[in-house]
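Every number here is computed from the coordinates shown, using simple stated rules; none is lab data. Note that the structure is a prediction, hence the values are computed from the model and not measured. Note that we place each Cβ from the backbone using ideal geometry, even for glycine, and neighbour counts take in every protein chain shown.
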Amino acid sequence: MSESSKGSDAVNTFRKAWVASTADSNLTLHGFRRFKTTHLLNLRFLENEVAEIDRRLYQAGLSLGLDHSTTDRLGLKHCKRDTESPEVDDIINDESMMKLRHTLKQYDEALASFNNIMSMETFSLLDDEQQSSLRDDICLHEKHKTRLLRVDLGTRARTDPFQRWLHRYLRAFRYWRLSTKSLSDSEGRGSIAKSTRWSRQNTVLIAEMIGRVTTAVLTAVFLIVPLAIMSHQSSKNTQLIVISACILILAFLMSFFLRVSSFEMMAVTAAYAAVLSVFVSNVPP
């Protein structure tokens, strides 16, 4: 490759990076590719290297001929010894120990980094038209499947399943809308004029807003409906049936749609039951 072509590639890369780094949208500014498959391949390669070193160490330990411990927690008595196992001096040396430390360090750091990356908030490349326009080498479906990281947001460790469900369907809706628009343009119905403003869909923000509003509405419903029913019912049996049904339904919805721990679910359910019991105690017999 000539020096002129290298300089041209560097200028094109800088132009794309400059556009993405000086944009007005947080999606463009803080959206970075995740490279999930490449990270996984690197982890698999490192895993195979560590596994080979681990097997050689086990063979060296078995060749010592030492008695196993009474409990044998590792199951060493069931390990298969190689017929042509090298000598311990050939396996255990300074070079092998340095390789072990270096490979384990790479493996551990890669695992921790990948765990942090996978816990970060993501959005589809198709959600940001400006970022998507910089990738001419992939088709519309690949842009829909490509995930970008939001490095300006916190982790999604506490993201509710309901919000993730909204993320998925918002992305699918945008893909359907853009694919329909692209299909109509390819059929010659007129070219779509270039907009002065880039089209974007902040699925993270939209899903959070819808999720909070939905949770607030359901909370109000679960407080108002039992109160309205029990205010017109003097029978204690009817009131107990209403309370029991509301508690069971609330517990089921919380465990299915919200990311809560077992303790949090028990605490919220108990607090809700205590509120409903106040309604019953205030109703005259």
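Side notes on the structure shown:
- Rounded to the nearest 20, the size of the Cβ-charge dipole of segment 29-148 about its Cα centre is 420 debye, with Lys and Arg at +1 and Asp and Glu at -1.
- Residue by residue, segment 19-30 carries 3J(HN,Hα) couplings of 4, 6, 8, 10, 6, 8, 9, 5, 4, 6, 5, 10 Hz when phi is fed to the Karplus relation 6.51 cos²θ - 1.76 cosθ + 1.60 (θ = phi - 60°); x denotes Gly or Pro.
- Of the residues Ala51, Val204, Val278, the one whose Cα sits farthest towards the positive end of the charge dipole of the chain is Val278 (charges of +1 on Lys and Arg Cβ, -1 on Asp and Glu Cβ, taken about the Cα centre).
- Across segment 173-184, coupling constants 3J(HN,Hα) worked out from phi with the 6.51/-1.76/1.60 Karplus curve, θ = phi - 60°, read 5, 5, 4, 5, 5, 6, 5, 5, 5, 5, 5, 5 Hz, and Gly and Pro carry x.
- Set of lysines near Lys16 by C-alpha distance (under 16 Å), chain-local residues within fewer than 8 positions excluded: Lys6
- Under-5 Å amide H pairs with Thr122, H placed in peptide plane, nonlocal only: Arg150
- Convex hull per residue volume in Å³, alpha carbons only, for the chain: 299 Å³
- Put simply, the amide H of Asp160, placed in the peptide plane, has neighbours under 5 Å in Arg259, leaving out anything fewer than 5 places away on its chain.
- Charging the Cβ of each Asp and Glu at -1 and of each Lys and Arg at +1, and nothing else, the dipole of segment 99-238 about its Cα centre rounds to 200 debye.
- Taking the Cα centre of the chain as origin and assigning +1 to Lys and Arg Cβ atoms and -1 to Asp and Glu Cβ atoms, the resulting dipole is close to 1500 debye.
- With 0.36 nm allotted per residue and the present C-alpha distance subtracted, the Asp54-Gln233 stretch has 57.4 nm of extension available.
- Look at the dipole of the chain built from charges on Cβ: of Asn237, Gly61, Thr159, the Cα furthest out on the positive end belongs to Asn237.
- Whole-Hz Karplus values for segment 53-58 come out as 5, 4, 5, 5, 5, 5 Hz, taken residue by residue from phi with 6.51 cos²θ - 1.76 cosθ + 1.60 and θ = phi - 60°; glycine and proline positions read x.
- A simple spin-label model places pseudo-atoms 7 Å from Cα toward Cβ; at Val278 and Asp67 they are separated by 6.9 nm.
- Kirkwood Rh, Cα atoms: Rg over Rh of segment 34-118: 1.08
- Full-stretch length increase - Leu248, Tyr169 - with 0.36 nm per residue and alpha-carbon distance subtracted: 25.6 nm
- Estimated translational D of segment 87-167 in µm²/s (Stokes, Kirkwood radius over Cα pairs; 4 °C; 1.567 mPa s): 79 µm²/s
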